[in-house]
1. Working carefully through the options 148, 162, 177, 133, find the one that is over 29 Å from residue 97 (Cβ atoms), in contact with a strand residue (DSSP E or B) (Cβ under 8 Å, 6 or more places away or on another chain) and not aromatic (Phe, Trp, Tyr).
2. Can you find a residue that is within 10 Å of the ligand (Cβ to nearest atom), more than 23 Å from residue 50 (Cβ to Cβ), over 13 Å from the mean Cα position of the chain (by Cα) and of a type in the set (D, E, K, R) anywhere in the stretch 143-158?
3. Step by step: first the residues of the stretch 142-166, then only those that are part of a strand (DSSP E or B) and touching a helix residue (DSSP H, G or I) at 6+ places or on another chain (Cβ under 7 Å), then the one that is farthest from residue 112 (Cα to Cα). Which residue is that?
4. Among what's in the stretch 168-185 and is in contact (Cβ under 8 Å) with a residue 24 or more places away in the chain and small (Gly, Ala, Ser), pick the residue that is nearest to residue 56 (Cα to Cα).
5. Pairs, please: C-beta under 6 Å, at least 6 apart or cross-chain, first residue among the acidic types (Asp, Glu) and in the stretch 144-167, second assigned to a loop (DSSP other than H, G, I, E, B) and modelled with pLDDT of 95 or more?
6. Report, ordered by the first and then the second residue, all pairs with beta carbons closer than 9 Å, sequence separation of six or more or different chains, a first member in the stretch 54-69 that is within 24 Å of residue 84 (Cβ to Cβ) and free of Cβ contacts under 8 Å to residues at least 60 places away in the same chain, and a second member that is acidic (Asp, Glu) and part of a loop (DSSP other than H, G, I, E, B).
Amino acid sequence: MVSNDLHRDIEAVLLTEEQIQRRIAELGAQISADYAGKELHLIGVLRGAVMFLADLMRHLTIPCSCDFIAIASYGMDTKSSGVVRILKDLDDSIQGKHVLIVEDIVDTGLTLNYILNLIRSRNPASVRVCALLDKPERRIVPVEIHYLGFTIPNRFVVGYGLDYAQKYRNLPYIGILRPEIYGGV
Ligand code: IMP
């Protein structure tokens, strides 16, 4: 019988559900304090940041709204092509708004750099970045992450919104995918 157990494809759990949730509560408190007296417009980068944005938003005590943008990234591959294009643009204007970009992981930095330039060109009051994970070893373009969940080693991870070939997003933790699954090393 073919196994359908996602957990079996995971080599090791890198961040447990508890670790992730505790850190998100801290980030929410920090962001709420920093933006006290202001309204915040969250921009989630589809699809990986959906769970992170949903959990983070519940820890914000300031008035906030959200919108989503979708950018073409890895697809079936685990290597960044450097080719970035918009699959889904924002629904609302961001002119004069305090924008917080919510990203699942910053790897080469190409995606975030592209989104930052796009957002800045639309005259928001301010722009900051909140990323759950950072893989600094793979950076090609330097990008400033104002609020960061965790720095992780250069391994391909899945779970808590992150996928490989659209699978594993529903795992409640972040785990290292077995290299034989994606043909990596
Ligand atoms: P960057 O443009 O190379 O920084 O890539 C950012 C995007 O690549 C993220 O939003 C993810 O969708 C994807 N990505 C990068 N590393 C991983 C990983 O380890 N697992 C799953 N997706 C990843």
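1. Result of the check over 148, 162, 177, 133: 177.
2. No, the stretch 143-158 contains no residue that is within 10 Å of the ligand (Cβ to nearest atom), more than 23 Å from residue 50 (Cβ to Cβ), over 13 Å from the mean Cα position of the chain (by Cα) and of a type in the set (D, E, K, R).
3. 164
4. Restricting to residues being in contact (Cβ under 8 Å) with a residue 24 or more places away in the chain and small (Gly, Ala, Ser), the top hit is 175.
5. 163/169
6. Final answer for the pair search is 67/91; 67/92; 68/91; 69/89.
The values are calculated or read from the model by the stated rules, or taken from the named source; none is laboratory data. Computed from a prediction, not measured in an experiment: that's the story for all the values here. Quick reminder, even Gly has a Cβ in these numbers, built from the backbone with ideal geometry, and neighbours come from all protein chains shown.
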